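Contents: one structure, followed by commentary.
What follows is calculated from the coordinates using simple rules that are stated; it is not laboratory data. Keep in mind the model is a prediction, meaning the values are calculated, not measured. Every residue, glycine as well, gets a Cβ built from its backbone with ideal geometry; the counts of neighbours run over all protein chains shown.
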Amino acid sequence: MLVDSHCHLEYDGLVDDKDGVIARAEARGVKAFLNISTKQSEWGRVVMTAEGRARIYASVGIHPHHADEHQGLTHDVLLEATRNPKVIGIGETGLDYFYEHSDRTAQQKLFRLHIAVARETGLPLIIHTRDAEDDTLAILEEEMEKGAFPALIHCFTASADFGEKVLALGLSISLSGIVTFKNAKDLQEFAKTVPQDRLLVETDSPFLAPVPHRGKTCEPAYVHDTAEFLADLRGEDLDRLAAFTSANFFRLFGKAAA
């Protein structure tokens, strides 16, 4: 059994063939999916998809690209959205200084709001970070001092130094198809070192299709290819890697296990 810990089933390329996408994934051993939201207008759709299917779960959150559009979002509104039984995580949220589609201060403020709700609910925080390692780490360290909260860095592509520091804070790390790319040598070296109990796999579909599917619309089925690559990279049996990454998902996202 594999879990796609991060996919966007409501996005173009997947939403028009959702049942087919899910069936193709299940045929390759993918038995659970976390359908991620990136803005408030998506929350209802990701929850509706999850409510109609036993092994699909939902997150609620605001991607840093959309921070400017959500400066009025309140703690209570986000908190209330987490009450749905199928909402098992908060995000994706975080900082993106590569595209800077939103003001950095707005991103940071919204990131901290998500952290506060994660701390209050115990639901894991799903973090996006790109070209923002220093500020992401500083905020995580400051907020952890106020009280611990569960979290993972999704689609990890940061430096090994950043990775080691967030692992030391107790976070988990999820790897996407990027780890299979030929130019991802540094990421591959770091991937070998991630402790078994902190590693998850994902597609971030419809983006970032792994080798041998590069150039295609990514689907949750392709998490099998990423897992297969990782197992070979780490010198582990594929079934064993599938088992411990799935167990890690349900341990981190305990609401799904319940």
_Projected area, mean over directions - region 28-138, Cα convex hull, nm²_ = 7.5 nm²
_Gaussian network model of the chain, Cα within-10 Å springs - most flexible of Pro212, Pro220, Pro64_ = Pro212
_Can you pull out the chymotrypsin sites (Phe, Trp or Tyr not before Pro) in region 66-163 whose DSSP state is coil and whose Cβ has at most 15 other Cβ atoms within 10 Å?_
Phe98, Tyr99
*Too-long pairs where the Cα-Cα distance tops 30 Å, listed order kept, from Lys109/Lys165; Lys86/Lys182; Lys165/Lys185; Lys39/Lys192; Lys146/Lys255*: Lys86/Lys182; Lys39/Lys192
*Which trypsin sites (Lys or Arg not before Pro) from region 187-258 combine a DSSP loop assignment with at most 12 other Cβ atoms within 10 Å?*
Lys192, Lys216
*Gaussian network model of the chain, springs between alpha carbon atoms under 10 Å - residue of Ser41, Ser59, Ser172 with greatest fluctuation*: Ser41
_Charge sum, other residues only, whose C-beta stays under 10 Å from Leu125's C-beta, Lys/Arg counted +1 and Asp/Glu -1_ = -1
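Can you give the relative contact order of the chain as a percent, counting alpha carbon pairs under 8 Å and 6+ residues apart? Don't skip to the end; give the middle numbers.
Values: 530 pairs, mean separation 53.7, N = 258.
With pairs under 8 Å counted, the relative contact order is 21 percent.
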_Coil-residue GluC sites (Glu not before Pro) of region 78-128, DSSP, other Cβ within 10 Å capped at 16_ = Glu100
*Neighbourhood charge, 13 Å Cβ-Cβ cut-off, centred on Lys18 and excluding it, Lys, Arg +1 and Asp, Glu -1*: -4
*Largest to smallest principal axis extent of the C-alpha atoms in region 2-62, angstrom*: 32, 20, 18
*Cα extents of the chain along the three principal axes, largest first (Å)*: 44, 41, 34
*Remind me, relative contact order of region 197-258 in percent, using alpha carbon pairs under 8 angstrom and six or more residues apart?*
31 percent
*What is region 94-205's relative contact order, in percent, from Cα pairs under 8 angstrom and six or more apart in sequence?*
22 percent
_From zero outward in steps of 5 Å, how is the percent of C-alpha pairs of region 125-258 spread across the bins?_
2, 10, 21, 22, 22, 14, 7, 2, 0
